[in-house]
Amino acid sequence: MEIVFLGTGGGRFNLISQARRTGGFYISGPLRLHVDPGPGALGACHDFSIDPRRTDAVVVTHNHIDHLNDAALMLEAINCFPDRKRGTLIAAKSILAGDEYGEKGISTYFIKKLRRAHVAVQGKPIRLGGATLMPTPVRHEDRTGFGFVLEMDGERLGYTSDTEYFPGLFAHFARCGILVANSLKAGADGVPGHLYSATTARLLSECRPKLCVISHMGQSLIKSGPDAEAKKIEKASGVRTIAATDGMRIDVRTLKVKR
C-alpha cells in the first residue's frame, strides 16, 4: 500500500494562495482511494502520475471546499464510460443527504452514476472488497464529518481529518502503522476545530503510531516551517514525525519516503 500526497495545504488562506496544493491524498493498493479531493485534485493526479479513471473509491470527510471541491470531477473520471456504473463514494451525511440548509455537497447527478454510495457513520465499518474503512469521530464545524482507519493489505492507516484534540481521540488510532494528521496550525489561536503542533504531539504520545505524517497545513504552520514543526512534534511526542510535501510518496509497509 502506498500513499501519494496530491496536496498538503489546508485552510482558507492557503486555499486561495495555493502555497501548498489542495488535492488531498491517494491510497493505492488492492483498492485505489482518493481522499478529500479539494481544488486542483485532477491536475495533481496528472502531475504525480495518478490515473483518476482507475480509482475505486472517493472519500470526502466533510462538507468544506478544501476537501470537497473536485470530488464530483473525480467521480466523473471514475465513470468516464457512462453506460456502466462503477466506483464508490464514502462521504459525510452533509454531502450525501444534505446539510442544515438542505443542500448536498455533491449533486444527485454524479451520485446516481456510482455503483454504491455510503454515508459514513462514526463507529460503523464500511467494507470495500478486501478492505475495511472505519469512520472515526471528529470535533469540527461540520458535525457529520469523520476521520477514518483503513485496514487494507495487512496494514492499518489512520487519518484524523479536520478535528480539534479531545480526550479519547487517540483510542481510535491505536495500532496504526501510519497516522496522517491534519495539523493546520503552528500554535493555538483561540479558534477551535483543528489540531495544532502541541495537540498533535499530545495525540501522538497517546496513540503512538510508527510514523506520523502532518499534512493539510495552514498558512501559519507553513510560515513557521513544516519540517521544524514536525521536529518539534516528534521531540514532544517521541513518535517519528515528518511533514508531507506535494507529490511525496510513502510505502505504508516499509515506511520508506520518496520526495
For Arg156, distant residues with modelled amide H under 5 Å away: Gly177, Ile178
Fraction of beta bridges assigned by DSSP in the stretch 18-150 that are antiparallel (%, nearest 5): 50 percent
Average Cα contact separation per residue, the chain, under 8 Å, 6 or more apart, as relative contact order %: 17 percent
Distant-in-sequence amide H partners of Ala92 (H built 1.01 Å from N, under 5 Å): Val60, His62, Ala120
Förster radius 41 Å - calculated FRET efficiency between Ser224 and Arg84 (Cβ-Cβ, nearest 0.05): 0.25
DSSP-defined antiparallel bridges as percent of all bridges, the stretch 2-250, nearest 5: 50 percent
Computed lengthening from Arg116 to Val257, 0.36 nm per intervening residue step minus Cα-Cα distance: 47.4 nm
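What shape does the stretch 48-117 have by the C-alpha gyration tensor, where a ≥ b ≥ c are the square roots of the eigenvalues, rounded means a/c under 1.5, and otherwise prolate means a/b greater than b/c and oblate the rest?
oblate
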Under 30 Å from Lys232, Cα to Cα: lysines that are on another chain or at least 8 residues apart: Lys185, Lys210, Lys223, Lys256, Lys258
Span from the the stretch 169-229 Cα centroid across to the the stretch 26-88 one, whole angstrom: 25 Å
Relative packing of peptides 229-238, 214-223 - highest average C-beta neighbours within 10 Å first: 214-223, 229-238
The stretch 180-259: antiparallel DSSP beta bridges as a percent of all, rounded to 5: 20 percent
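With a ≥ b ≥ c the root eigenvalues of the C-alpha gyration tensor of the stretch 1-124, is it rounded (a/c under 1.5), prolate (a/b larger than b/c) or oblate?
Oblate shape, in that a/c is at least 1.5 and b/c is the bigger or equal ratio.
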Residue order, fewest to most surrounding Cβ atoms within 10 angstrom, among Ser183, Ser49, Ser28, Ser161: Ser49, Ser28, Ser161, Ser183
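A short reminder: the numbers here are calculations on the coordinates, not readings from a lab. All values derive from a computational prediction rather than experimental measurement. With ideal geometry, Cβ positions are generated from the backbone for all residues, glycine too; neighbour counts draw on all protein chains shown.
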